[in-house]
Amino acid sequence: MSAELIHALDQLEKERGINKDILIEAIEAALISAYKRNFGSSQSVKVTFNAESGDVRVYALKKVSKLPANDSMEISLDEAKRLDGMLADGDVAEIEVTPKDFGRIAAQTAKQVVVQRIREAERELVYDEFSNKESDIVTGIIQRFERKNVIIDMGKAEAVLASTEQTPGEEYRFNDRIKTYILEVKKTTKGPQIAVSRTHPGLVKRLFELEVPEIHEGIVEIKSIAREPGSRTKIAVFSKDPNVDPVGACVGQKGTRVQAIVDELRGEKIDIIKWSSDPEVFISASLSPAKVIRVDVNEAEKSAKVTVPDFQLSLAIGKEGQNARLAAKMTGWKIDIKSESQLRATIEQQLLNYSDGSQEQQYKQHFDLFKPMEEVYGEYDYESDDQADENIEPVKFDDFDDSDENR
(Lines give C-alpha, C1' and ligand atoms only; values in the text may rest on other atoms or scores of the structure.)
Protein backbone atom coordinates (compact mmCIF):
# COMPACT_ATOMS: atom_id res chain seq x y z
CA MET A 1 0.00 0.00 0.00
CA SER A 2 1.19 3.47 -0.81
CA ALA A 3 1.47 6.61 1.26
CA GLU A 4 -1.84 7.72 -0.30
CA LEU A 5 -3.66 5.43 2.13
CA ILE A 6 -1.85 7.01 5.06
CA HIS A 7 -2.86 10.45 3.80
CA ALA A 8 -6.46 9.26 3.47
CA LEU A 9 -6.40 7.97 7.05
CA ASP A 10 -5.09 11.33 8.26
CA GLN A 11 -7.90 13.12 6.42
CA LEU A 12 -10.53 10.83 7.92
CA GLU A 13 -9.20 11.53 11.38
CA LYS A 14 -9.46 15.28 10.84
CA GLU A 15 -12.76 15.45 8.97
CA ARG A 16 -14.76 12.58 10.46
CA GLY A 17 -13.20 12.39 13.90
CA ILE A 18 -12.25 8.71 13.40
CA ASN A 19 -9.11 7.81 15.35
CA LYS A 20 -6.29 6.79 12.98
CA ASP A 21 -4.91 4.18 15.39
CA ILE A 22 -8.31 2.47 15.57
CA LEU A 23 -8.43 2.29 11.77
CA ILE A 24 -4.93 0.78 11.62
CA GLU A 25 -5.86 -1.86 14.21
CA ALA A 26 -8.95 -2.74 12.18
CA ILE A 27 -6.88 -2.99 8.97
CA GLU A 28 -4.36 -5.31 10.64
CA ALA A 29 -7.12 -7.57 11.96
CA ALA A 30 -8.73 -7.71 8.51
CA LEU A 31 -5.39 -8.50 6.84
CA ILE A 32 -4.88 -11.52 9.10
CA SER A 33 -8.21 -12.93 7.95
CA ALA A 34 -7.37 -12.10 4.32
CA TYR A 35 -4.00 -13.85 4.56
CA LYS A 36 -5.47 -17.05 6.02
CA ARG A 37 -8.31 -17.03 3.51
CA ASN A 38 -6.12 -16.47 0.44
CA PHE A 39 -3.11 -18.58 1.39
CA GLY A 40 -4.80 -21.39 3.28
CA SER A 41 -2.68 -20.97 6.37
CA SER A 42 -3.85 -22.29 9.72
CA GLN A 43 -0.83 -21.12 11.67
CA SER A 44 -0.84 -18.13 13.97
CA VAL A 45 0.18 -14.98 12.11
CA LYS A 46 0.74 -11.34 12.87
CA VAL A 47 0.32 -8.45 10.44
CA THR A 48 2.06 -5.12 10.92
CA PHE A 49 1.05 -1.96 9.14
CA ASN A 50 3.63 0.83 8.97
CA ALA A 51 1.81 4.06 9.74
CA GLU A 52 4.54 6.11 8.07
CA SER A 53 5.17 4.27 4.78
CA GLY A 54 2.08 2.13 4.44
CA ASP A 55 4.14 -1.09 4.12
CA VAL A 56 2.54 -4.33 5.25
CA ARG A 57 4.43 -7.30 6.69
CA VAL A 58 3.11 -10.73 7.65
CA TYR A 59 4.82 -12.75 10.37
CA ALA A 60 4.23 -16.38 11.40
CA LEU A 61 4.23 -16.84 15.16
CA LYS A 62 6.02 -19.99 16.30
CA LYS A 63 6.90 -21.23 19.76
CA VAL A 64 10.57 -21.82 20.41
CA SER A 65 11.23 -25.41 21.49
CA LYS A 66 14.34 -27.56 21.93
CA LEU A 67 12.53 -30.50 20.36
CA PRO A 68 9.76 -29.11 18.07
CA ALA A 69 6.96 -31.60 17.38
CA ASN A 70 4.97 -29.48 14.90
CA ASP A 71 6.88 -27.44 12.32
CA SER A 72 3.90 -25.20 11.54
CA MET A 73 3.48 -24.20 15.17
CA GLU A 74 6.99 -24.56 16.64
CA ILE A 75 10.59 -23.70 15.77
CA SER A 76 13.79 -25.23 17.09
CA LEU A 77 15.89 -23.26 19.54
CA ASP A 78 18.92 -23.29 17.22
CA GLU A 79 16.91 -21.88 14.31
CA ALA A 80 15.32 -19.27 16.54
CA LYS A 81 18.75 -18.19 17.78
CA ARG A 82 19.80 -17.52 14.19
CA LEU A 83 16.79 -15.19 13.81
CA ASP A 84 17.22 -13.48 17.15
CA GLY A 85 19.96 -14.33 19.60
CA MET A 86 17.81 -13.10 22.51
CA LEU A 87 15.16 -15.82 22.03
CA ALA A 88 15.01 -18.66 24.59
CA ASP A 89 13.09 -21.89 25.03
CA GLY A 90 9.36 -21.14 25.40
CA ASP A 91 9.48 -17.72 23.68
CA VAL A 92 7.51 -16.86 20.53
CA ALA A 93 9.48 -16.18 17.38
CA GLU A 94 8.19 -13.93 14.60
CA ILE A 95 9.10 -15.24 11.12
CA GLU A 96 8.28 -13.06 8.12
CA VAL A 97 6.10 -14.87 5.57
CA THR A 98 4.83 -11.92 3.51
CA PRO A 99 3.64 -13.22 0.10
CA LYS A 100 4.89 -11.45 -3.03
CA ASP A 101 1.44 -10.35 -4.25
CA PHE A 102 0.08 -9.58 -0.78
CA GLY A 103 0.24 -5.84 -1.47
CA ARG A 104 -2.74 -6.01 -3.84
CA ILE A 105 -4.79 -8.08 -1.37
CA ALA A 106 -3.77 -5.78 1.44
CA ALA A 107 -4.84 -2.66 -0.47
CA GLN A 108 -8.24 -4.14 -1.36
CA THR A 109 -8.82 -5.36 2.19
CA ALA A 110 -7.76 -2.02 3.67
CA LYS A 111 -10.21 -0.18 1.43
CA GLN A 112 -13.09 -2.40 2.53
CA VAL A 113 -12.17 -1.99 6.19
CA VAL A 114 -11.87 1.79 5.90
CA VAL A 115 -15.24 2.11 4.17
CA GLN A 116 -16.89 -0.13 6.76
CA ARG A 117 -15.29 1.75 9.63
CA ILE A 118 -16.39 5.07 8.18
CA ARG A 119 -19.98 3.85 8.10
CA GLU A 120 -19.78 2.53 11.65
CA ALA A 121 -18.16 5.73 12.90
CA GLU A 122 -20.80 7.90 11.22
CA ARG A 123 -23.56 5.78 12.73
CA GLU A 124 -21.92 6.06 16.12
CA LEU A 125 -21.63 9.82 15.82
CA VAL A 126 -25.29 10.14 14.78
CA TYR A 127 -26.35 7.86 17.61
CA ASP A 128 -24.36 9.90 20.15
CA GLU A 129 -25.83 13.15 18.79
CA PHE A 130 -29.47 12.05 18.95
CA SER A 131 -29.23 9.92 22.10
CA ASN A 132 -28.23 13.12 23.90
CA LYS A 133 -31.44 14.70 22.59
CA GLU A 134 -33.81 12.11 24.05
CA SER A 135 -36.76 13.87 25.75
CA ASP A 136 -35.97 16.96 23.70
CA ILE A 137 -37.64 18.66 20.76
CA VAL A 138 -36.22 18.58 17.20
CA THR A 139 -37.30 19.98 13.85
CA GLY A 140 -37.39 17.87 10.70
CA ILE A 141 -38.89 17.69 7.21
CA ILE A 142 -41.53 15.14 6.27
CA GLN A 143 -39.80 12.91 3.72
CA ARG A 144 -42.18 10.07 2.94
CA PHE A 145 -44.94 7.82 4.26
CA GLU A 146 -44.57 4.11 5.04
CA ARG A 147 -47.94 2.51 5.69
CA LYS A 148 -49.34 4.63 8.52
CA ASN A 149 -45.94 5.87 9.71
CA VAL A 150 -44.42 9.23 8.78
CA ILE A 151 -40.68 9.29 8.01
CA ILE A 152 -39.03 12.58 8.97
CA ASP A 153 -35.64 13.74 7.69
CA MET A 154 -33.54 15.03 10.61
CA GLY A 155 -30.49 15.88 8.51
CA LYS A 156 -28.05 13.14 9.47
CA ALA A 157 -30.72 10.58 10.24
CA GLU A 158 -34.36 9.69 9.72
CA ALA A 159 -36.95 9.55 12.47
CA VAL A 160 -40.16 7.53 12.56
CA LEU A 161 -43.42 9.11 13.67
CA ALA A 162 -45.56 6.05 14.35
CA SER A 163 -49.31 6.16 13.83
CA THR A 164 -49.84 5.80 17.60
CA GLU A 165 -47.76 8.95 18.19
CA GLN A 166 -49.59 11.10 15.64
CA THR A 167 -52.04 13.74 16.86
CA PRO A 168 -55.64 12.91 15.89
CA GLY A 169 -56.88 15.22 13.16
CA GLU A 170 -53.43 16.46 12.10
CA GLU A 171 -52.51 16.32 8.43
CA TYR A 172 -48.94 15.55 7.42
CA ARG A 173 -47.82 16.69 3.99
CA PHE A 174 -44.63 15.97 2.06
CA ASN A 175 -41.84 18.54 2.63
CA ASP A 176 -43.62 20.18 5.59
CA ARG A 177 -41.37 21.25 8.47
CA ILE A 178 -42.50 19.75 11.77
CA LYS A 179 -41.41 19.79 15.41
CA THR A 180 -41.41 16.46 17.23
CA TYR A 181 -40.44 15.09 20.64
CA ILE A 182 -37.74 12.38 20.70
CA LEU A 183 -39.01 9.38 22.62
CA GLU A 184 -36.17 6.89 22.13
CA VAL A 185 -32.98 6.31 20.14
CA LYS A 186 -31.92 2.70 19.49
CA LYS A 187 -28.80 1.20 17.92
CA THR A 188 -29.44 -1.08 14.96
CA THR A 189 -27.28 -2.69 12.27
CA LYS A 190 -28.61 -0.13 9.81
CA GLY A 191 -27.84 2.81 12.04
CA PRO A 192 -29.67 4.59 14.86
CA GLN A 193 -33.45 4.20 14.95
CA ILE A 194 -35.16 7.35 16.22
CA ALA A 195 -38.74 7.26 17.50
CA VAL A 196 -40.53 10.62 17.79
CA SER A 197 -43.93 11.78 19.00
CA ARG A 198 -46.46 14.57 18.48
CA THR A 199 -48.73 13.43 21.32
CA HIS A 200 -46.34 13.35 24.28
CA PRO A 201 -46.93 16.03 26.99
CA GLY A 202 -43.19 16.68 26.85
CA LEU A 203 -43.70 18.30 23.43
CA VAL A 204 -45.84 21.04 25.03
CA LYS A 205 -43.32 21.48 27.84
CA ARG A 206 -40.41 21.91 25.40
CA LEU A 207 -42.41 24.33 23.25
CA PHE A 208 -43.04 26.52 26.29
CA GLU A 209 -39.32 26.39 27.13
CA LEU A 210 -38.56 27.64 23.62
CA GLU A 211 -41.16 30.41 23.65
CA VAL A 212 -40.96 31.59 27.27
CA PRO A 213 -37.53 32.91 28.38
CA GLU A 214 -38.58 32.85 32.03
CA ILE A 215 -39.06 29.06 31.85
CA HIS A 216 -35.76 28.56 30.03
CA GLU A 217 -33.98 30.64 32.68
CA GLY A 218 -35.64 28.74 35.53
CA ILE A 219 -37.61 31.67 36.95
CA VAL A 220 -40.93 30.05 36.01
CA GLU A 221 -41.32 26.32 36.54
CA ILE A 222 -43.76 23.94 34.87
CA LYS A 223 -45.18 21.83 37.71
CA SER A 224 -47.51 19.51 35.81
CA ILE A 225 -49.10 18.94 32.42
CA ALA A 226 -52.23 17.04 31.41
CA ARG A 227 -52.88 16.64 27.71
CA GLU A 228 -55.41 15.17 25.33
CA PRO A 229 -53.56 15.57 21.99
CA GLY A 230 -55.30 17.60 19.34
CA SER A 231 -57.99 18.81 21.72
CA ARG A 232 -56.85 20.43 24.98
CA THR A 233 -53.90 20.78 27.36
CA LYS A 234 -53.80 22.03 30.94
CA ILE A 235 -50.48 23.24 32.30
CA ALA A 236 -49.71 24.36 35.87
CA VAL A 237 -46.91 26.90 36.30
CA PHE A 238 -45.18 28.41 39.33
CA SER A 239 -42.91 31.44 39.68
CA LYS A 240 -39.87 31.40 41.96
CA ASP A 241 -39.80 35.20 41.76
CA PRO A 242 -42.81 36.86 43.50
CA ASN A 243 -42.50 39.78 41.08
CA VAL A 244 -43.06 37.54 38.04
CA ASP A 245 -46.57 36.41 37.13
CA PRO A 246 -46.14 32.84 35.85
CA VAL A 247 -49.39 32.82 33.88
CA GLY A 248 -48.73 36.21 32.31
CA ALA A 249 -45.19 35.17 31.37
CA CYS A 250 -46.52 32.09 29.55
CA VAL A 251 -49.34 33.95 27.81
CA GLY A 252 -47.10 36.80 26.67
CA GLN A 253 -48.04 40.26 25.47
CA LYS A 254 -51.44 40.05 23.78
CA GLY A 255 -51.13 36.26 23.95
CA THR A 256 -48.27 36.08 21.44
CA ARG A 257 -46.28 33.40 23.27
CA VAL A 258 -49.07 30.94 23.88
CA GLN A 259 -50.51 31.60 20.42
CA ALA A 260 -47.23 30.51 18.81
CA ILE A 261 -47.50 27.20 20.68
CA VAL A 262 -51.17 26.79 19.75
CA ASP A 263 -50.26 27.35 16.09
CA GLU A 264 -47.50 24.72 16.28
CA LEU A 265 -49.99 22.27 17.82
CA ARG A 266 -52.44 23.05 14.99
CA GLY A 267 -55.08 24.78 17.12
CA GLU A 268 -54.95 22.68 20.29
CA LYS A 269 -56.46 24.67 23.21
CA ILE A 270 -54.18 25.42 26.16
CA ASP A 271 -55.27 26.33 29.69
CA ILE A 272 -52.48 27.92 31.76
CA ILE A 273 -53.08 27.68 35.52
CA LYS A 274 -51.15 29.04 38.47
CA TRP A 275 -49.87 26.21 40.64
CA SER A 276 -50.46 26.33 44.40
CA SER A 277 -49.26 24.17 47.27
CA ASP A 278 -52.75 24.51 48.78
CA PRO A 279 -54.82 21.63 47.32
CA GLU A 280 -58.08 23.56 47.59
CA VAL A 281 -56.73 26.55 45.69
CA PHE A 282 -54.99 24.38 43.07
CA ILE A 283 -58.03 22.17 42.47
CA SER A 284 -60.27 25.22 42.19
CA ALA A 285 -57.94 26.78 39.62
CA SER A 286 -57.55 23.51 37.71
CA LEU A 287 -61.23 23.55 36.74
CA SER A 288 -60.78 26.86 34.91
CA PRO A 289 -62.58 28.39 33.06
CA ALA A 290 -65.37 27.28 35.42
CA LYS A 291 -65.84 29.20 38.67
CA VAL A 292 -65.74 27.17 41.87
CA ILE A 293 -67.68 28.04 45.06
CA ARG A 294 -66.32 25.44 47.45
CA VAL A 295 -63.70 22.67 47.62
CA ASP A 296 -63.71 19.98 50.35
CA VAL A 297 -60.59 17.81 50.31
CA ASN A 298 -59.95 14.40 51.81
CA GLU A 299 -56.19 14.15 52.31
CA ALA A 300 -56.26 10.45 53.21
CA GLU A 301 -58.03 9.39 50.01
CA LYS A 302 -56.60 12.29 47.99
CA SER A 303 -60.05 13.14 46.76
CA ALA A 304 -61.98 16.40 46.59
CA LYS A 305 -65.63 17.37 46.42
CA VAL A 306 -66.15 20.53 44.41
CA THR A 307 -69.26 22.71 44.38
CA VAL A 308 -69.96 25.00 41.45
CA PRO A 309 -72.92 27.27 40.54
CA ASP A 310 -75.69 25.46 38.65
CA PHE A 311 -75.03 27.30 35.40
CA GLN A 312 -71.31 26.46 35.65
CA LEU A 313 -71.71 22.69 36.09
CA SER A 314 -71.48 21.77 32.41
CA LEU A 315 -68.51 24.12 31.99
CA ALA A 316 -66.70 22.57 34.96
CA ILE A 317 -67.24 19.04 33.66
CA GLY A 318 -66.48 19.96 30.06
CA LYS A 319 -67.41 18.25 26.82
CA GLU A 320 -67.57 14.51 27.45
CA GLY A 321 -66.01 15.18 30.89
CA GLN A 322 -62.77 16.50 29.38
CA ASN A 323 -62.26 19.50 31.68
CA ALA A 324 -62.77 17.48 34.86
CA ARG A 325 -60.64 14.62 33.50
CA LEU A 326 -57.71 16.89 32.66
CA ALA A 327 -58.01 18.69 36.02
CA ALA A 328 -57.85 15.38 37.89
CA LYS A 329 -54.86 14.24 35.84
CA MET A 330 -52.99 17.50 36.31
CA THR A 331 -53.58 17.79 40.07
CA GLY A 332 -53.32 14.09 40.85
CA TRP A 333 -56.56 14.28 42.88
CA LYS A 334 -59.85 12.48 42.35
CA ILE A 335 -62.42 15.24 41.78
CA ASP A 336 -66.18 14.92 42.32
CA ILE A 337 -68.12 17.92 40.96
CA LYS A 338 -71.61 18.88 42.07
CA SER A 339 -73.81 21.90 41.51
CA GLU A 340 -75.32 24.03 44.31
CA SER A 341 -78.77 22.58 43.80
CA GLN A 342 -77.47 19.01 43.90
CA LEU A 343 -75.65 19.62 47.17
CA ARG A 344 -78.63 21.49 48.57
CA ALA A 345 -81.00 18.64 47.67
CA THR A 346 -78.68 16.08 49.29
CA ILE A 347 -78.51 17.99 52.57
CA GLU A 348 -82.25 18.70 52.59
CA GLN A 349 -82.93 14.99 52.26
CA GLN A 350 -80.58 14.19 55.11
CA LEU A 351 -82.25 16.83 57.32
CA LEU A 352 -85.69 15.37 56.59
CA ASN A 353 -84.50 11.91 57.60
CA TYR A 354 -83.38 13.00 61.06
CA SER A 355 -85.79 11.64 63.69
CA ASP A 356 -83.69 10.45 66.62
CA GLY A 357 -82.46 12.30 69.74
CA SER A 358 -79.24 13.42 68.08
CA GLN A 359 -81.14 15.63 65.60
CA GLU A 360 -79.94 18.84 67.18
CA GLN A 361 -76.29 17.83 67.02
CA GLN A 362 -76.58 16.58 63.41
CA TYR A 363 -78.50 19.72 62.47
CA LYS A 364 -75.63 21.78 63.88
CA GLN A 365 -73.11 19.80 61.82
CA HIS A 366 -74.98 20.70 58.66
CA PHE A 367 -75.19 24.28 59.78
CA ASP A 368 -71.39 24.28 60.06
CA LEU A 369 -71.21 22.85 56.56
CA PHE A 370 -73.43 25.55 55.17
CA LYS A 371 -71.86 28.42 57.04
CA PRO A 372 -68.78 28.78 54.79
CA MET A 373 -71.03 28.41 51.76
CA GLU A 374 -73.20 31.22 53.10
CA GLU A 375 -70.13 33.39 53.45
CA VAL A 376 -69.07 32.63 49.89
CA TYR A 377 -72.55 33.28 48.58
CA GLY A 378 -72.50 36.67 50.25
CA GLU A 379 -69.32 37.55 48.36
CA TYR A 380 -70.20 35.90 45.07
CA ASP A 381 -71.40 38.46 42.55
CA TYR A 382 -73.83 36.67 40.25
CA GLU A 383 -74.71 39.90 38.45
CA SER A 384 -71.10 40.26 37.23
CA ASP A 385 -71.24 36.93 35.39
CA ASP A 386 -72.68 37.07 31.88
CA GLN A 387 -74.27 33.68 32.33
CA ALA A 388 -75.97 34.50 35.67
CA ASP A 389 -79.71 34.45 36.01
CA GLU A 390 -81.07 37.82 37.12
CA ASN A 391 -83.53 36.16 39.49
CA ILE A 392 -80.93 34.13 41.40
CA GLU A 393 -80.73 35.21 45.04
CA PRO A 394 -78.03 34.22 47.55
CA VAL A 395 -79.13 31.11 49.43
CA LYS A 396 -79.42 31.50 53.23
CA PHE A 397 -79.70 28.75 55.80
CA ASP A 398 -83.03 30.26 56.93
CA ASP A 399 -84.53 29.18 53.61
CA PHE A 400 -84.58 25.60 54.86
CA ASP A 401 -87.65 25.39 57.07
CA ASP A 402 -89.54 22.20 57.84
CA SER A 403 -92.77 24.08 57.13
CA ASP A 404 -91.71 25.03 53.58
CA GLU A 405 -94.51 24.03 51.21
CA ASN A 406 -92.02 23.20 48.50
CA ARG A 407 -90.48 20.47 50.59
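The values are calculated or read from the model by the stated rules, or taken from the named source; none is laboratory data. These figures come from a predicted structure and were not determined experimentally. A quick note on method: Cβ atoms are made from the backbone with ideal geometry, for glycine too, and the neighbour counts reach across all protein chains shown. Quick note on the areas: whole protein, heavy atoms, side chains included, nothing else; ligands and nucleic acids left out. Shrake-Rupley method; radii C 1.70, N 1.55, O 1.52, S 1.80 Å.
A compact table of results
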{"read-out": "Accessible-area ranking of Y35, Y127, largest first, probe 1.4 Å", "value": "Y127, Y35"}
{"read-out": "Per DSSP, loop trypsin sites (Lys or Arg not before Pro) in segment 92-161 with at most 12 further Cβ within 10 Å", "value": "K100, R147, K148"}
{"read-out": "Backbone N within segment 274-304 under 19 Å of label point (7 Å from S341 Cα along the Cβ vector)", "value": "291-294"}
{"read-out": "Options I95, P168, M73, ranked by Cα towards positive dipole end of segment 59-191, top entry (Cβ charges)", "value": "P168"}
{"read-out": "Viscosity 1.002 mPa s, 20 °C: Kirkwood-radius Stokes-Einstein D of segment 127-206 over Cα pairs, µm²/s", "value": "171"}
{"read-out": "Whole-Å distance, taken between Cα centres, linking segment 157-217 and segment 88-107", "value": "54"}
{"read-out": "Extension gain from M86 to E299, taking 0.36 nm per residue of separation minus the Cα-Cα distance", "value": "68.3 nm"}
{"read-out": "Percent accessible area from carbon and sulfur atoms, segment 92-236, protein chains only, probe 1.4 Å", "value": "45"}
{"read-out": "Those trypsin sites (Lys or Arg not before Pro) in segment 236-273 that DSSP places in a loop and that have at most 15 other beta carbons within 10 Å", "value": "K240, R266"}
{"read-out": "Computed magnitude of the charge dipole of segment 13-159 (debye, nearest 20; Cβ of K, R +1, Cβ of D, E -1)", "value": "580"}
{"read-out": "Neighbour cut-off at most 14 other Cβ (10 Å), DSSP loop, GluC sites (Glu not before Pro), segment 149-219", "value": "E171, E217"}
{"read-out": "For segment 157-307, alpha-carbon Rg relative to the globular expectation (2.2 N^0.38 Å, N residues)", "value": "1.22"}
{"read-out": "Förster radius 51 Å - calculated FRET efficiency between K190 and E52 (Cβ-Cβ, nearest 0.05)", "value": "0.90"}
{"read-out": "Gained length - N175 relative to D128, 0.36 nm times residue gap less alpha-carbon distance", "value": "14.3 nm"}
{"read-out": "Most to least accessible of M154, M73 (protein chains only, probe 1.4 Å)", "value": "M73, M154"}
{"read-out": "Magnitude of the charge dipole, segment 117-192, Cβ model with Lys/Arg +1 and Asp/Glu -1, debye to 20", "value": "280"}
{"read-out": "Cα shape, segment 175-234, gyration tensor, a/c 1.5 rule", "value": "prolate"}
{"read-out": "Over segment 56-203, volume per residue of the alpha carbon convex hull, in Å³", "value": "197"}
{"read-out": "Solvent-accessible surface ranking, highest first, for T98, T307 at 1.4 angstrom", "value": "T98, T307"}
{"read-out": "Surface per residue (accessible, 1.4 Å probe) for segment 19-105, Å²", "value": "60"}
